[in-house]
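> Handing you this structure, nothing more for now.
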Amino acid sequence: MRSEDLLPLQERTADRPETLSEIAGGGFRMIGGRNRGVDGFQKSTGKAIYTDDIVLPGMLHAKILRSTEPHARIQSIDASAALALEGVHDVITGRDIPTAYGIIPWTPDEHALAVEKVRFVGDAVACVAAVDEDTANAALDLIEVEYEALPYYLDPEKALTLEAAETPIHAPRKPGGNGNILKRVQLEFGPVDEKMSEADVVVEGEYYFHGTTHAPIEPHCAIARLNQDGLLVVWSATQVPHYLHREIARVLGLDVAKVRVVQPAVGGAFGGKSEPFDLEFCVALLALRTGRPVKILYTREEVFYSHRGRHPMKMKYRVGASENGRILAVDAETILDGGAYASFGLVTTYYSGQLLTAPYEIESYRFDSTRVYTNKAPCGPKRGHGSVQPRFAFEISLDKVAERLQMDPIEFRRGVFMGTGRTVNEFRVQSNGFLECLEAVEKASGWKEKYGKMPYGRGLGVAGSCYISGTNYPIYPNPMPQAAVQVQVERSGRVTVLHGASEIGQGSDSTMAYIACEELGVPLDYVRVFSADTDLVPVDLGAYSSRETIMVGNACLMACRRVGDLVGGSVAAEWEVEPSRVRLAGGWAFDVKDTERRMPIAAAFQLAEAEHGTLGAVGHYNTPKEGVHGDYRGGTIGASPAYSFTAHVADVEVDPDTGFVDVRTIWVAHDCGRALNPVLVEGQIEGSAYMGHAEAVLEEQEYMVGEHEGGLHNAPSLLDYRIPTSMDCPEFVPFIVESNDPEGPYGAKEAGEGPLHPSLPAIANAIYDAIGIRIDSLPFTPPRVWQAIRDAEAVKMAEEVA
């Protein structure tokens, strides 16, 4: 078959031939460009379909009855009046769905509906399916629940007492154990006590992180329908379709092949939708029982009580340093307030210590972390899971050390930069752009001219951080790939990418499209992306731990290159040249040594299809297992294929009369390996810094402690829970640093979570520069800052009198 006989792609989509010589010279065509997102038009015009937008014929609406007690045994549940209400189709309780579940397979301690007792205000007790939401809500009021109140604990330190252990929140996991302790991790690397004794400077401090929640725009929503062929279909605003798929089948005793999970568009998640929730099990069971589609949409109050937000942590840190600025020893003790259920807590306990050891050279390190159950809404993973809180404590400690050593905080951090190699806890780092990050924010902020020299009330602060680009191991142990992608090439020039990654606003669908464009030479509008439907796409484990770019991106790259090799080989044979001379780019297949020799990309696809049959390929990715981490218990948790690095400088103004902290500017430099699309990376950098700023000065997940209100959320609405509007935000100035990690696709690493970490300690350190007072507890609200200023004045006055 001759190439001139083949149908070409419309040439309006191809580059002009004179630009092909530029492409032939090397470099990227799509990667690194400031390209549009593939879902941008749908979302910006309101055409995207979210779970609650779906309306099915005959659909029932369900509502969940939630506990009013923080800790109590369920004596009885009487739903007879609710069942008698006109329009009610079914009521289920814990007896109907008794199997425990949990995202971590070793800690399944949660039930879709409480079985024997409730453990926090908001725990699910019963669920009603009715013809509409009003009828379902009316039926909830008719359900009578008799409770036997039990002692409850809102403070993790009180939950650790012997008295609390007598009526534990959960049964002890081991004989003689404390049922209020989920996990304790004690690890030591190097002779900490010896090194601490050698230190010329030892800084000690106690730090407190207060707990915050995700506050996504879209509440949780789920719909289930039983098809006539017996397939149970569940639509959910989840960010882990695969894990939800597995757990629904397991809890309901179904064949996993007879369950389908579909993730429609998701309106924000930030970690808050990264595990199964009660509503998904309830709609599934009700659909099976009633034979009708069933929907549950959380109210905003339910979103707050379902929570899974950032753990409150009480942290004690000791840092020892030599007079020439080496970090000799770090010793950390942490109590994590986990709330009522395990969630990701086993991992969080490890992360609170394991993820602290870069980007600095630390000669010895020890941490002791204990995650405690309390009678509050369960905590879980929030953007920057498990390491934002300890990073707050550690980066403030480093500033204190620098001050004692009379060193500039940025110069001190430069001096302890670890580079690449092994961290003290034996994690492998293959790329590290932290020095470039420091240099960028130092220069942009005018640090050398301003730090320590601004008027009283104005100050600069710096902080750094490191974060994982995906977890090296899946949540449930198995040797299979962590991600897979299928690519189909159609003779018209269209390319279809099917992948399991969860698009939650971070740009994973767009990233796969960019890779397809780069490798197969087609225009962006010729790529179709389908994701997160367990019947249609290969398995991916979900959008958590910043894993999608490296894992799904590498899988996509493999699949596209397999197809590209077929196409390039067929074109090379047609031209009688070596395959290495053929490149696909800009809508053309062309000879890199003679760019006048070319054919439209559709013609190239047709040539290859004629030779090989229908074109398609599958790619997969699994993490490296050799040399990535140390050989010790817990050494796999925190291990990652690659690590990102970030530096912030914050500029703040503190009003000493009111205590109000105005964060004016945050300069953020982030090492993302390679920016596959700088627009997306900058958006993630700014979004991360925004959330960190919010947690520093506004947000707080608070609970009432009164005799009759104990365990009630203090502000379960977006009117009362303080998050910044655009009017409250500082100016965010992002800088992209590229270190090209060998493990990432085109060298890319994560950009969605790492940039958050330094915001909080940078603001804390800037407050100290502004007013000379250390505030080691969050958030930096006006009352707290005002009181700190008054306390410092009182101390100074007392010293003057003495």
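The values are calculated or read from the model by the stated rules, or taken from the named source; none is laboratory data. No experiment lies behind these values; they were computed from the predicted model shown. All Cβ positions, even for glycine, are placed from backbone atoms using ideal geometry, and neighbour counts span all protein chains on display. Each accessible area value is taken on the protein alone, full model and side chains, heavy atoms only, with ligands, DNA and RNA left out. Shrake-Rupley method; radii C 1.70, N 1.55, O 1.52, S 1.80 Å.
> Probe radius 1.4 Å, ligands and nucleic acids ignored: give me the carbon and sulfur share of the accessible area of region 696-802 as a rounded percent.
Carbon with sulfur: 55 percent of the solvent-accessible area.
> Same structure again: Under the classification rounded if a/c is under 1.5, otherwise prolate if a/b is larger than b/c and oblate if not, where does the chain fall, given a ≥ b ≥ c as square roots of the Cα gyration tensor eigenvalues?
Oblate.
> Specify whether the C-alpha gyration tensor of region 217-277 places it in the rounded, prolate or oblate class, a ≥ b ≥ c being the square roots of the eigenvalues: rounded for a/c under 1.5, otherwise prolate if a/b is larger than b/c and oblate if not.
Verdict is prolate for region 217-277.
> In what sequence, highest mean first, do 36-43, 570-577, 252-259 appear when ranked by Cβ atoms within 10 angstrom?
Answer by packing, highest mean first, reads 570-577, 36-43, 252-259.
> How long is the gain from residue 81 to residue 448 if the chain were fully straight, where each residue apart is worth 0.36 nm and the alpha carbon distance is subtracted?
Taking 0.36 nm per residue and subtracting the Cα distance, the gain is 124.9 nm.
> Over what distance in Å are the Cα centres of region 415-450 and region 716-795 separated?
First find each Cα centre; the distance between them is then 18 Å.
> In nm, to one decimal, how far is the residue 48 label point from the residue 231 one, both placed 7 Å along Cα→Cβ?
It is 2.6 nm.
> Counting pairs of alpha carbon atoms under 8 Å apart in space and at least six apart in sequence, what relative contact order in percent does the chain give?
Contact order relative to length: 16 percent.
> While we're here: By DSSP, what percent of the beta bridges with both residues in the chain are antiparallel, rounded to the nearest 5? Spell out each step's value before the answer.
Details: 102 of 132 bridges.
Antiparallel bridges: around 75 percent, rounded to the nearest 5.
> From the backbone phi of region 142-157, what are the Karplus-calculated ³J(HN,Hα) couplings (6.51 cos²θ - 1.76 cosθ + 1.60, θ = phi - 60°) in whole Hz, Gly and Pro given as x?
Values per residue, Gly and Pro as x: 8, 7, 9, 10, 9, 10, 10, 5, 10, x, 10, 9, 9, 10, x, 5 Hz.
> Out of the total accessible area of region 361-473 (probe 1.4 Å, heavy atoms of protein only), what percent is carbon and sulfur?
Roughly 46 percent, rounded to a whole number.
> Turning to a different aspect of this structure: Rank by packing, highest mean first: peptides 632-640, 457-465, with packing defined as the count of other Cβ atoms within 10 Å averaged across residues. Don't skip to the end; give the middle numbers.
On the way: 632-640: 19.0, 457-465: 25.9.
In decreasing order of mean packing, 632-640, 457-465 become 457-465, 632-640.
> Run the accessible area of region 241-358 with a 1.4 Å probe and give the carbon-and-sulfur part as a rounded percent.
Summing carbon and sulfur atoms, their accessible area is 50 percent of the total for region 241-358.
> OK, next. For the chain, build the charge dipole from Cβ charges (+1 Lys, Arg; -1 Asp, Glu) around the Cα centre, then report which of 197, 72, 505 sits farthest towards its positive end.
Of 197, 72, 505, it is 505.
> Still on this structure: Using a 7 Å offset from Cα along Cα-Cβ at residue 618, what residues in region 529-543 end up with backbone N under 14 Å from the label point?
Only 535-540 pass the distance filter.
> Using a 1.4 angstrom probe, figure out how much accessible area the chain has per residue, in square angstrom, rounded to the nearest whole.
Numbers: 30150 Å² over 802 residues.
Using a 1.4 Å probe on heavy atoms only, each residue of the chain averages 38 Å².
> When a/c is below 1.5 the answer is rounded, else prolate if a/b is larger than b/c, else oblate, so apply that to region 628-749 with a ≥ b ≥ c taken from the square roots of the Cα gyration tensor eigenvalues.
Oblate is the answer for region 628-749, as a/c is 1.5 or above yet b/c matches or exceeds a/b.
> Checking the cross-link filter: which lysines have an alpha carbon closer than 21 Å to that of residue 158, excluding same-chain neighbours under 8 positions apart?
Partners found: 117, 174, 183, 314, 316, 376.
> Hey, how many Å between the Cα centroid of region 55-110 and the Cα centroid of region 311-326?
Cα centroid of region 55-110 versus Cα centroid of region 311-326: 46 Å apart.
> If you don't mind, there's one more thing I want to ask. Can you give the extra length, in nm with one decimal, that the chain gains between residue 562 and residue 166 once fully stretched, where that is 0.36 nm per residue apart less the Cα-Cα distance? Walk me through the numbers on the way to the answer.
Working: separation 396, 0.36 × 396 = 142.56 nm, distance 6.14 nm.
Once the chain is fully extended between residue 562 and residue 166, it gains 136.4 nm.
> Which of the cysteines found in the chain have nothing to pair with, since no other Cys Cβ lies under 4.7 Å from theirs?
221, 379, 437, 466, 517, 556, 560, 672, 729
> Order 94-100, 578-584 from most to least packed using the mean count of other Cβ atoms within 10 Å.
Highest to lowest by the protection proxy: 578-584, 94-100.
> Report, in deg cm²/dmol and to the nearest 500, the calculated mean residue ellipticity at 222 nm for the chain, where each DSSP H run with n ≥ 4 adds -39500 (n - 2.57) and the sum is divided by the residue count.
-8500 deg cm²/dmol
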